[in-house]
Structure formats: C-alpha cells, structure tokens
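Worksheet for the structure shown next.
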Amino acid sequence: MFVLINMAMTADGKIATADRRLHSCGSRRDQEHLLELRATADAVMCGAGTVNEEPVQLGPGPERFRRLRRHRGLAEHNLRVVVSGRGSLSPEAEVFRHRHSPIVVLASEAIPGARLRALRAVADEVLIRGRQTVDWGAAFEDLEKRWGVRRLLAEGGARLNAALWAAGLVDELHLTICPRLFGGRASPTIADGPGASRLADAAQMELRSCCRVGDELFVVYGATGR
C-alpha cells in the first residue's frame, strides 16, 4: 500500500493554535490541493480527534473531483477510515451523517465494550487490530485485502501522523507551508508524540518537488528507502 500524508502548517511548524480552536491556516488553493490528492486515493484517513473537532466528511468533494476519480478508474467516492484506538470517536461526529461511502473505524482491543457497540452501530466496519494500540501492519493488510485499498491518504492529526512515521509506513509527505505564525509551546506540529531523541532516529526524507503559489509553498517529500 502506498501511504501519503497531506498537511498544512504555519511558517513556525504549527497545525493549530495552542487551544486547538483554529486548525485551518491554508488558502483556497490549499483546499483544492487536498481534494486533488483525495482524487488519487482509494481511502482517506483521519484520527478521531480531528473528526471529533471538525465538521469533516472525508469525501471526494464536488463533481469535478469525482469525475477525476472515475477517469482514473477509481470508485466515485473514496473509502473513509477513522482511527480511534480506544474508542474516543463520537458516534455523533459529522462524518457519520453523510453516507455516500463506507466508513471503517480502526481500533485496538483496549476499546471499551460500550464504545465498540456504539461505533459498530454507525460505522460500516470496526476493525480491531492490536492490543493496546492499533497494529498498523495488520490493519493496513486488512484494508488492502478486504476493501481494496492500494493508495491511502492520511490527513492527520499529529498523533496519527507520528504513529504512521514510527511504523515506517509513510511513502510521501505533501506539505503546504503557510505565511502565518501561531507560536505557542503547546501548539501541535504535524507529528506529535514522544518524537526522536537523536538525529539518527529521525525519519529521513528527500525533497521531490517544491512549488510556490502566491505566498504559500507546496512541498513534496519522499521517505528514503521506500
């Protein structure tokens, strides 16, 4: 499976303000870029925090993007995947109110029974893979075999991105650098969590392209060795 991450960040590397109330810092062109990437993917994936906090649908968007998908031989509507290892995903989230394509929830055995039942009532499938955290290898194998996912677009948040990098599953990073500064020690970056303690432990990437549109930079990095 080919995995790409798409994120927009400020010039100081933040994806949200310290109170996490403001997430979007990209322009209209950045939003179009997101939909263009979705039009290349079998599945779009987000973490539960992002889905709980924002009114996202994770769908392909307007007709012209669905037409692009059909032209490429993809299903008109992409599979939607939400990661919620311990079941923090709300069954009332906006994503469940739009039934244009299946929704798969990835969880671990640590999910409480009541939360599991609630999510099974609204999702098309809840995949339990891993004991305390999601077993990414097993989960992605199931997505590929059971749902035909060969290209997956991840859209955050920060903890999900960090987990994917730690598991060595990221092939490509699409990064929009926006001309703003949020500041704040508590403001999340594109990859939160424990992080690397040594330079040798850092995820290695190589620059594949860089394009300026207005005051934004659209950068693509590839993971070395993949």
- Item | Test set (1) of a type in the set (A, V, I, L, M); (2) modelled with pLDDT under 90; (3) exposed (fewer than 13 other Cβ atoms within 10 Å of the Cβ) - Ala203 fails condition number | (3)
- Hits in segment 193-211 (condition: under 18 Å from Val3 (Cβ atoms) and either assigned to a loop (DSSP other than H, G, I, E, B) or basic (Lys, Arg) (or both)): Gly193, Ala203, Gln204, Arg208
- Message: Yes or no: segment 64-73 includes at least one residue that is modelled with pLDDT of 95 or more and either touching a Lys or Arg at 6+ places or on another chain (Cβ under 8 Å) or under 15 Å from Ala123 (Cα atoms) (or both).
- Response: yes
- Note on the structure: Per the filter on segment 9-50, residues outside any loop (DSSP other than H, G, I, E, B) and among the basic types (Lys, Arg) are Arg28, Arg29, Arg38
- Read through the list (1) of a type outside the set (A, V, I, L, M); (2) modelled with pLDDT under 95; (3) more than 16 Å from Leu34 (Cβ to Cβ), then give the number of the only condition that Thr50 fails. (3)
- Item | Filter result for Phe182 (among the aromatic types (Phe, Trp, Tyr), over 23 Å from Pro60 (Cβ atoms) and surrounded by 15 or more Cβ atoms within 10 Å (Cβ to Cβ)) | yes
- Query: In the list Glu216, Glu172, Glu155, Glu141, which residue meets the criterion of being among the acidic types (Asp, Glu), within 18 Å of the chain's Cα centre (by Cα), under 17 Å from Thr10 (Cα atoms) and surrounded by 13 or more Cβ atoms within 10 Å (Cβ to Cβ)?
  - Reply: Glu155
- For segment 108-192, please list each of the strands (runs of 3 or more DSSP E) lying entirely inside it that holds at least 1 residues being touching a residue at least 60 places away in the same chain (Cβ under 8 Å). 151-154, 172-178
- Message: Any residue that is modelled with pLDDT of 95 or more, over 18 Å from Phe218 (Cα atoms), of a type outside the set (Ser, Thr, Tyr) and crowded, with 17+ Cβ neighbours inside 10 Å - is there at least one of those in segment 25-39?
- Response: no
- Item | Residues of segment 105-135 that turn out to be touching a Leu at 6+ places or on another chain (Cβ under 6 Å) and under 17 Å from Leu160 (Cα atoms), as a count | 4
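Let's see how each residue does on (1) more than 13 Å from the chain's Cα centre (by Cα); (2) small (Gly, Ala, Ser):
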position: Met1; (1), (2): yes, no
position: Ser24; (1), (2): yes, yes
position: Gly47; (1), (2): no, yes
position: Leu74; (1), (2): yes, no
position: Val83; (1), (2): no, no
position: Ser108; (1), (2): yes, yes
- Of all residues in segment 193-202, count the ones that are of a type in the set (Gly, Ala, Ser) and either under 21 Å from His33 (Cβ atoms) or without any contact (Cβ under 8 Å) to a residue 24 or more places away in the chain (or both). 4
- Task: Six or more apart or on different chains, Cβ under 8 Å: which pairs go from a residue in segment 55-71 that's over 21 Å from His23 (Cβ atoms) and crowded, with 16+ Cβ neighbours inside 10 Å to one that's modelled with pLDDT of 95 or more and basic (Lys, Arg)? Could you list them?
- Result: Phe65/Arg38
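The values are calculated or read from the model by the stated rules, or taken from the named source; none is laboratory data. What you see is a predicted model; the values in this text were computed from it and never measured. Because the Cβ atoms are built from the backbone with ideal geometry, glycine has one as well, and the counts that use them run over all protein chains shown.
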